[in-house]
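Okay, structure first, notes after.
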Amino acid sequence: MNLLSLLPWDLRRRRLARSVPAGPMRRFYEAPFANPRADWRALEYLALDLETTGTEPRSEEIVSAGWVVLRGPAIDLSTATHRLVRTSKAMPERSAVIHAITDDEAGAGEPLHAVLEELLGDLQGRVLIAHYAATERGFLDAACRRCFGGVLLVPTVDTLALAHRSCVRQGREPVRGGLRLAALRERYNLPAYASHDALVDAIAAAELFLAQMEELAGAGPAPLKAFLAPE
């Protein structure tokens, strides 16, 4: 293995481990990241979905989080986790309708720092999977800064970006709405699930990821780095 190929990621991880305050963020960075040169089947992943009160990580809040672990090409449903997050203000009406979470339910949720600590523990050493990962990474980074005083750096696979790559590879333009999670699942003959439930959407993204990798990676070895989203 060429260790130079790991140096930028590993140097940044080690520097963050030294610079962030003691606690969940430091523990997260003390574990080595997944080797980007390894075959994707040899690694572990965590598929994540966040439901939020809006689209702006600096001013909006996480309402719920759902995640599940993948061990190579297998989803481990025993790890499926769903957490409601206690919000600091009343749920916006539109968010309450979309997510079917009431003010009382949000008020009875767990503190954000407790959910983040559990999530970071499960994400440690694994690759993040999300559909349009900019949302999950943006909200997690903002939350980690507020709760733990550190930025979030994590290797990530974006299933939306993989879908766009598939379109380019086949020489076709995606139809309007064709890159949405539900539309892509239909394209791969995956079952239709109800949306806007964090755990259901996380499992849906995990299943889509496996279908996409079967198409893009084929049967032979394929290094993780070929599928990672830009930082």
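Return the single residue from GLN124, GLN212, GLN170 with maximal mean-square fluctuation; model: Gaussian network over the chain, springs between Cα atoms under 10 Å.
GLN170
Please name which of LEU48, ALA38, MET25 has its Cα lying farthest along the dipole of the chain towards the positive end, using unit charges on Cβ (Lys, Arg +1; Asp, Glu -1) and the Cα centre as origin.
Among LEU48, ALA38, MET25, the one farthest towards the positive end of the dipole of the chain is ALA38.
Using a 1.4 Å probe on the protein heavy atoms, what percent of the accessible area of the chain belongs to carbon and sulfur?
Details: 6150 of 11470 Å².
The C+S portion of the solvent-accessible surface of the chain is 54 percent.
Which residue fluctuates the most in the chain, going by a Gaussian network model with Cα springs under 10 Å, if the choices are ALA31, ALA206, ALA219?
ALA219
Tally Lys/Arg at +1 and Asp/Glu at -1 over every other residue whose Cβ is under 11 Å from the Cβ of GLY72; what's the total?
Values: positive: ARG41, ARG71; negative: ASP39, GLU44, ASP76.
Net of charged neighbours comes to -1.
Kyte-Doolittle cut-off 1.0, length cut-off 20 Å along the helix's own axis using Cα: show which whole DSSP H helices in the chain pass. Don't jump to the answer; show the numbers that get you there.
Details: long enough: 133-148 (21 Å, 0.00); 198-217 (27 Å, 1.19).
Membrane-span-like by this criterion, though nothing is claimed about a membrane: 198-217.
Springs between alpha-carbon pairs under 10 angstrom, Gaussian network model over the chain: which of ARG187, ARG71, ARG41 fluctuates most?
ARG187
Which whole-Hz ³J(HN,Hα) couplings does the range 220-230 yield from phi under the Karplus relation 6.51 cos²θ - 1.76 cosθ + 1.60, θ = phi - 60°, glycine and proline marked x?
Per residue, the Karplus-derived 3J(HN,Hα) values read x, x, 9, x, 3, 4, 6, 10, 6, 6, x Hz.
Compute the distance in nm between two label points, each set 7 Å from the Cα along the Cα-to-Cβ direction, one at TYR188 and one at ALA74.
Inter-label distance under the simple model: 1.9 nm.
Can you give the local net charge around PHE139? Use residues other than it whose beta-carbon is closer than 12 angstrom to its beta-carbon, Lys and Arg +1, Asp and Glu -1.
Working: positive: ARG58, ARG137, ARG145, ARG146; negative: ASP49, GLU51, GLU56, GLU60, GLU61, GLU136, ASP141.
In short, -3.
So how strong a dipole does the chain carry about its Cα centre when Lys and Arg Cβ are +1 and Asp and Glu Cβ are -1, to the nearest 20 debye? It would help to have the intermediate numbers written out before the result.
Numbers: 27 positive and 29 negative charges, 213 e Å.
Around 1020 debye, computed over the chain.
The values are calculated or read from the model by the stated rules, or taken from the named source; none is laboratory data. The structure presented is a predicted model; accordingly, all values stated were derived computationally and were not measured. Here Cβ is always computed from backbone atoms with ideal geometry, including for glycine, and neighbour counts include all displayed protein chains. SASA here: full protein model, heavy atoms, side chains in, ligands and nucleic acids out. Shrake-Rupley method; radii C 1.70, N 1.55, O 1.52, S 1.80 Å.
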